[in-house]
Amino acid sequence: MQLHINPGDELPIYRQIMRQITDAIAGGLLPAGAQLPSHRDLAEQLVIAPLTVKKAYDELERQGLIMTQRGKGTFVSERLPDVDPEQRRERLRDSAQRLLSQAALSGVSLTEVVNLLEEIQKGMGR
Amino acid sequence: MWSQLRRDPMMDATAVRWGIIVFLNAGVLAGIMTTLAAGSASRAFDTLLGKAVLAALVWISAAAFLLFGRARERCRVFDLALPIPAAGIWLAHVTALVLLGLIFLVLNAGVLMICLWAFRSPRFGFSGPWEALMGLLLSVPANLVLVVVLMQRSRASLRQIPRTLAGTAYSVLLLGSGLVLTILLMTLPAVAALIPLGLGLYLAYRTCRSLPQAFALTSAKPDAGRDFARADSEGTVVRPAAAREWEAFDRAGPLRSFSLAWLLIRILCFGPSNKRHAGWFFFPYLLLWGFYMSGFLAAWRFMDLPQLSYIVLSSFLLFSYLPAQMPQVQYVECLPISRNRIGAFLFLPTLLLFVAGLEAGAIGAAKVQQARLQIQLGTSPTSLFPPYGEKAPMVRVPAMYGEVSWDGKPEDIVSPWGESHPVREYALYRGSRIAVYSPFSTPEESSPRFVAFQISRAIEAVYGVPIPYQKILDLYLEVSADGTASLPDPDRLLADFPGLNPRGESGLIPALLAVTGIVYVLMASIYMGAWRARVPDSRRKAAYLALAAAAIAATAGQVVLMIAGWLRPHVGAAFLRILIFRFVRALPGGAATLWVLCAFVLLGAYWLFLGRLRRVEAVPERPGAVCS
Amino acid sequence: MKTLEFEDVHYAYQEGADVLQGVSFSLDEGEVAGLLGKNGAGKTTLMRIAMGIVGAQKGSARIFGLDPRKDAVEMKRRVGYVSEDQALPEFLTVGEVIRLHRRLFPTWDEPLERRLRERFTLSPKVKIKTLSKGQARQVALLCAVAHRPEVLLLDEPAGGLDPAVRREFLETSVRLLNETGTTILFSSHYMTDVERMAGRIVMIHEGRLLIDNALDDLRENYSLALIPQEGADRRRLSDLKGCLSVRVQGGALHAIFSCEPERCRALLAGELEIHNAFCTPIALEDMFIELVEGRS
């Protein structure tokens, strides 16, 4: 899969990587057990410092989303970790807030927003 | 027009440096001329060859700068944006060049004329080539105008004459033709100088009329040669080379030590592109200077040269290349090359070239001295004593066989038959009690027998072989009708007594070398002290000029003292030679030991130099900008 | 032992004009640090001191614990240096320059050299003075990198170059980081390049160190507050704990705080009763401008 980073973004580069990988895992683009490029390869691909990639990978590993096997490489975890339900909701608060502010500005009602969300979920196939 | 003249690219510190070089050259030339002319060569400048040589030396001093520096540049790139017509700029540049040439000419001829005027009195018995010089003062400017105009006519519509091989050859050809013209004009009446002048002015007028309103940086035709150097603007991207070139490159293998040394020489000894040619001109000059300082020419004409007077000048010459080399250090200081290695390339080239010339001359001089008898009988004052210009009959030997009397009262010479004559001594400086004298002097009233006696003593002193004076009187001495003795064929003596080798080396050259080395390092240390990142450029230029002034003062000062009658450099030189010779004879191992000592001194000087170099910070901005 | 260390470095080019007034920081092995500062702030001087080209008047710089002036040769064998104003000898050809470096650096890696010279499409017989600025800089980069240095000092290496060449520089540096684990200190005005490569940011302002933080730390734990000018007291704002600089721009006050946007908002509301502030994370370029303008 192709990752893309934007150096000028608000988010630090390692977080951008983390987010993209997390989204890919969540969206099924990275199935369980799929191999990720080594942090050196990814660094060369994205033209960023290898330590940055390593930082992203380490953080994802800490969260249990990926795991490294010595000598073999880095893979998506077979079993995704259980996340605390409270934490799960909190992670989405920011994006939800943004979505609803935008909806309010454009005059989109809450029901229409919910319809939109259902439509997208069907498209993601999970 | 005046402001454009002032802004001309040639009017920078280069002009000052050239001025110093010309001035020093003129001084040396004056020294050579007066020494040569005082002897039997006093009529030399009346012959065509003599005049040609004089013309060549004066012309080269006045016009050689046209080949170097920024003579090709008519104006700076910045000036192209100003509302000044190209014809105006062109004219201003030509005027600037001619003016500079005139300044150098005046400097050169002026120094010469001052020296000749100082020596014109009957006391010195020398009449200089006045008419020739005056003629040169008229013809050189006229030829200069013509040569400059002809040079600047090429590619007149460009801001800068492109640097091409053909262009350089053309310039050299023009310079040579100018010389030939100068020599030619010396044989014609003075008014003939108007011809080249008129021609030059006419051509200048034609060029001005034909110039466009503005200069171009480069001609419309692509093969015309580019004007811009990389520093000013961008070059173009080079297409990828054939893989074959890289293959050949890889096959050549690693850099050998010799090639590494040559690469470092190219970087450190031949400066940035616009000054690189100076090295090709300067290094042979150093060789020649060493050759001159060895005294070969003097030995060839049976003279002694006061080399020791020129020590400060020599040292300055050796040092003077350093300011051009220092900015090059920035190219290598990021590389893992030790400062000691860099120091070798800064210190040694000038010194080694000088030593090479010195040794070559010394070997040649030794050969000459083997082939000719080192003793002559005469009155022409071309040795160190009697000092310059004085005529006194004496048996002339190399100066180092003279004697020093510390209380100014040398004893009379007494012959076995009782004839005795007082010795003529020469005080070291006015009012001094120390005096130098030749123990072989033969005053006018001495008998031929006494002369033979002195000759015999001289041969014994110089060659260590005793030849009875009666033999000399009978076989070799010729007495004329009025009683004057002469030695018409001294080499016959040499042929009759094979195996006559002059005893001992004078030790002059190692002593000279050691002192030159010390003064050289002193000058270099002073200059390098100004080479720190915190020191402004002006301070470096000031240091260089101060050292130049010191060298000029040390040399010219002697001439001034001589004219004023306070000092006689030749006497001083003789004094030092005698002392050095005595020192060499007293040393165990003689001259060889002195050489070893000299080597130690030079090594010490080198070590000091390296120490100073270690604290230098090669200033990275504007390569080649220092003392330019 | 730190790989690259500056300790209380003082330097003045002229009497009274101090460029560096006590700069201290150090880099561990494998770290990549971006050196930021206004033109003339002393970045070039700092690198020159590290290379031993100039000597610090007070304080010291050390690479691998070696003194750059005393152990110059040994140190330079393991260091690569590319500078915007460092020129290669113009009259040499590309081949001669490469040969020279090959001979002087014992750790020269020939396959890497071959790779790079193909990448940069260089030609051995061309003289340096006929190359364009970008290509000459590429030659300099090749020579600095091909001996696999342990420390790389880059002083505005991409200054005046087009984006393609700049990207090539970055790629080469990343390669080097991957393969050799080189410690890199580079200064640049292209913030995007810095944000890509640097793990750490060192900013020099008026001769002193203003910032010495990890880049991610700056992104996450610093914020920019935009406050409408009426009703806001600049003095009280700058006196707040955690405020790094305040600047007036276009009718608003720009202030930088060393805390996340949320806490910044809370701080402003709590301490100064300002509720209409806009707090956001700050990009490196903006931080640079705010700090430099807001403190001078």
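The values are calculated or read from the model by the stated rules, or taken from the named source; none is laboratory data. This one's a predicted model, so the numbers in the text were calculated from it and none came from an experiment. Neighbour counts run over all protein chains shown; Cβ positions are idealised from the backbone, glycine included. Accessible surface areas use protein heavy atoms only, side chains included; no ligands, DNA or RNA. Shrake-Rupley method; radii C 1.70, N 1.55, O 1.52, S 1.80 Å.
Things to note:
- Among the conditions (1) closer than 26 Å to C:K127 by Cα; (2) open to solvent by 40 Å² or more (accessible area, probe 1.4 Å); (3) more than 7 Å from chain B (Cβ to nearest Cβ), the only one that C:L92 does not satisfy is (2).
- Enumeration of residues in segment C:155-187 that are modelled with pLDDT under 90 and among the aromatic types (F, W, Y): C:F169
- Which listed residue, of B:V172, B:V148, is buried (at least 17 other Cβ atoms within 10 Å of the Cβ) and touching a residue at least 60 places away in the same chain (Cβ under 8 Å): B:V148
- In segment C:239-296, the residues that are among the small types (G, A, S), open to solvent by 60 Å² or more (accessible area, probe 1.4 Å) and within 13 Å of C:P228 (Cβ to Cβ): C:G250
- Output for segment C:187-202, where each listed residue is in contact with a helix residue (DSSP H, G or I) (Cβ under 7 Å, 6 or more places away or on another chain) and either under 24 Å from A:R15 (Cα atoms) or outside the structural domain of C:T44 (by TED's automatic domain parsing) (or both): C:S188, C:Y190, C:M191, C:D193, C:V194, C:E195, C:R196, C:M197, C:A198, C:G199, C:R200, C:I201
- Index of the failed condition, C:D217 passing every other in (1) touching a residue at least 12 places away in the same chain (Cβ under 8 Å); (2) under 28 Å from the mean Cα position of the chain (by Cα); (3) within 30 Å of A:R15 (Cα to Cα): (1)
- Verdict on B:R239 being surrounded by 14 or more Cβ atoms within 10 Å (Cβ to Cβ), at pLDDT below 80 and within 14 Å of chain C (Cβ to nearest Cβ): no
- Considering only residues in segment C:6-16 that are surrounded by fewer than 22 Cβ atoms within 10 Å (Cβ to Cβ) and touching a Leu at 6+ places or on another chain (Cβ under 9 Å), the one that is farthest from C:G199 (Cα to Cα) turns out to be C:A12.
- Every pair of residues 6+ apart whose Cβ atoms lie under 9 Å, when the first sits in segment B:321-334 and is without any contact (Cβ under 8 Å) to a residue 12 or more places away in the chain while the second is polar (S, T, N, Q) and open to solvent by 10 Å² or more (accessible area, probe 1.4 Å): B:C334/C:Q86
- Looking at B:A427, B:A481, just one residue is out of contact with any Pro (no Cβ under 8 Å at 6 or more places or on another chain), exposed (fewer than 12 other Cβ atoms within 10 Å of the Cβ) and modelled with pLDDT under 85, and that residue is B:A481.
- Residues in segment A:12-37 that are crowded, with 16+ Cβ neighbours inside 10 Å and outside any helix (DSSP H, G or I) were compared, and the one that is farthest from the other protein chains (Cβ to nearest Cβ) is A:L30.
- For segment B:526-570, the candidate set comprises residues that are of a type in the set (S, T, Y) and open to solvent by less than 20 Å² (accessible area, probe 1.4 Å); within that set, the residue that is modelled with the highest pLDDT is B:Y527.
- Within segment C:170-187, the set of residues being touching a strand residue (DSSP E or B) at 6+ places or on another chain (Cβ under 8 Å) and either within 12 Å of chain A (Cβ to nearest Cβ) or under 15 Å from C:E29 (Cα atoms) (or both) comprises C:S173, C:L176, C:L177, C:T182, C:T183, C:I184, C:L185, C:F186.
- Residues (out of contact with any Phe, Trp or Tyr (no Cβ under 7 Å at 6 or more places or on another chain) and assigned to a helix (DSSP H, G or I)) located in segment B:64-88: B:A64, B:L66, B:L67, B:V77, B:F78, B:D79, B:A81, B:A87, B:G88
- Conditions (1) facing another protein chain (nearest Cβ under 8 Å); (2) part of a helix (DSSP H, G or I): number failed by C:D85: (2)
- Any hit, segment C:123-140, residues being open to solvent by 10 Å² or more (accessible area, probe 1.4 Å), in a loop (DSSP other than H, G, I, E, B), farther than 14 Å from C:S173 by Cβ and without any contact (Cβ under 8 Å) to a residue 12 or more places away in the chain: yes
- Residue within segment C:17-34 that is more than 8 Å from every other protein chain (Cβ to nearest Cβ), in contact with a helix residue (DSSP H, G or I) (Cβ under 6 Å, 6 or more places away or on another chain), open to solvent by 40 Å² or more (accessible area, probe 1.4 Å) and touching a residue at least 12 places away in the same chain (Cβ under 8 Å) present: no
- Of all residues in segment C:227-238, those that are over 28 Å from C:L35 (Cβ atoms) and surrounded by fewer than 17 Cβ atoms within 10 Å (Cβ to Cβ) total 8.
- Residue selected from segment C:186-224 under the condition farther than 22 Å from C:T172 by Cβ and among the polar types (S, T, N, Q), by the criterion least open to solvent (accessible area, probe 1.4 Å): C:S223
- Count - residues of segment C:194-214 that are within 10 Å of the chain's Cα centre (by Cα) and assigned to a helix (DSSP H, G or I): 1
- Selection status of A:E78, at pLDDT below 85, farther than 30 Å from C:A198 by Cβ and in contact with a strand residue (DSSP E or B) (Cβ under 9 Å, 6 or more places away or on another chain): yes
- Residues in segment C:201-234 that are within 10 Å of another protein chain (Cβ to nearest Cβ) and among the basic types (K, R): C:R219 only.
- Some residue of segment C:46-54 being within 8 Å of chain B (Cβ to nearest Cβ), in a loop (DSSP other than H, G, I, E, B), crowded, with 16+ Cβ neighbours inside 10 Å and basic (K, R): no
- Flag for C:R114 being at the interface with chain B (Cβ under 9 Å from one of its Cβ atoms), free of Cβ contacts under 8 Å to residues at least 60 places away in the same chain, out of contact with any Cys (no Cβ under 8 Å at 6 or more places or on another chain) and surrounded by fewer than 16 Cβ atoms within 10 Å (Cβ to Cβ): yes
- The single condition among (1) under 20 Å from B:G402 (Cα atoms); (2) at pLDDT 80 or above that B:K471 does not satisfy is (1).
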